[in-house]
1. How large is the charge dipole for segment 32-125, taken about the Cα centre, if only the Cβ atoms of Lys, Arg (+1) and Asp, Glu (-1) carry charge, to the nearest 20 debye?
2. Between ASN16 and GLU108, what's the calculated FRET efficiency when r is the beta-carbon distance and R0 is 41 Å? Round to 0.05.
3. At what distance in nm do the modelled label points of GLN69 and LEU132 sit from each other, each positioned 7 Å from its Cα along Cα→Cβ?
4. Which lysines does LYS56 reach when only Cα atoms under 24 Å apart count, and residues fewer than 8 places away in its own chain are ignored?
5. Could you order LYS154, LYS56 by accessible surface area, starting with the largest, using a probe radius of 1.4 Å?
6. If you find the alpha carbon centre of segment 113-134 and of segment 1-61, how far apart are they in angstrom?
7. Non-local amide H neighbours of VAL62 (under 5 Å, H modeled in plane, Pro and chain starts lacking H): which ones?
8. Where only protein heavy atoms count, and the probe is 1.4 Å, what is the accessible area per residue for the chain in Å²?
Amino acid sequence: MQQWVEQIAQRMLARNWMLATAESCTGGWVAQELTALAGSSGWLDCGFVTYSNAAKVRMLGVPAELIEQQGAVSEAVVRAMAEGARRQSGVQLAVSISGIAGPGGGSELKPVGTVWFGWACEGSPTEAQCHLLAGDRAAVRRQAVEIALRGLLKQLGKA
């Protein structure tokens, strides 16, 4: 993951951009990976750990009705989380993650391992992806961090 973070740093610095994270099931792990690189304060503004639905509403401005209608683990909610992180922090790029890491909490429609990702980038429409990840809680969370970082690189490749 370190090489991805280094590439993210180079691209963020080259653009003079700042980044924010909005994490639920990963509990700040993406921000942890980003801040492991010395000098990350030059391109990482903040990280929101919005584990509860109330925190998503309060800190990121996700409409409560959206969570009630779609569920916290949904395309609409991760889009709103990423956009809220950008809006609240004033950054150019934000990533969001909401998922079911397990071992409980899954359903037939949203089984354990269902994780939604959102990327809000200045000058581009917000993107979202859903992945069904395998393994135990730690494995699901680790894979989610990797997908989030690769997605940031993809967004920076377009910018």
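The values are calculated or read from the model by the stated rules, or taken from the named source; none is laboratory data. Bear in mind the structure is a predicted one, so any value in this text is a computation, not a measurement. Cβ placement follows ideal geometry from the backbone for every residue including glycine, while neighbour counts extend to all protein chains displayed. Surface accessibility is based on the protein's heavy atoms, side chains included, excluding ligands, DNA and RNA. Shrake-Rupley method; radii C 1.70, N 1.55, O 1.52, S 1.80 Å.
1. On the way: 6 positive and 8 negative charges, 25 e Å.
Here segment 32-125 has a charge dipole of around 120 debye.
2. Details: r = 47 Å, r/R0 = 1.14.
E(calc), rounded to 0.05, equals 0.30.
3. Once both label points are built, they end up 2.6 nm from each other.
4. Hits, sequence-local ones excluded: LYS110.
5. Working: LYS154 105, LYS56 0 Å².
Highest to lowest solvent-accessible surface, that is LYS154, LYS56.
6. For segment 113-134 versus segment 1-61, the Cα centre distance is 14 Å.
7. Amide H neighbours of VAL62, under 5 Å, 5+ apart: VAL57.
8. Per-residue value: 46 Å².
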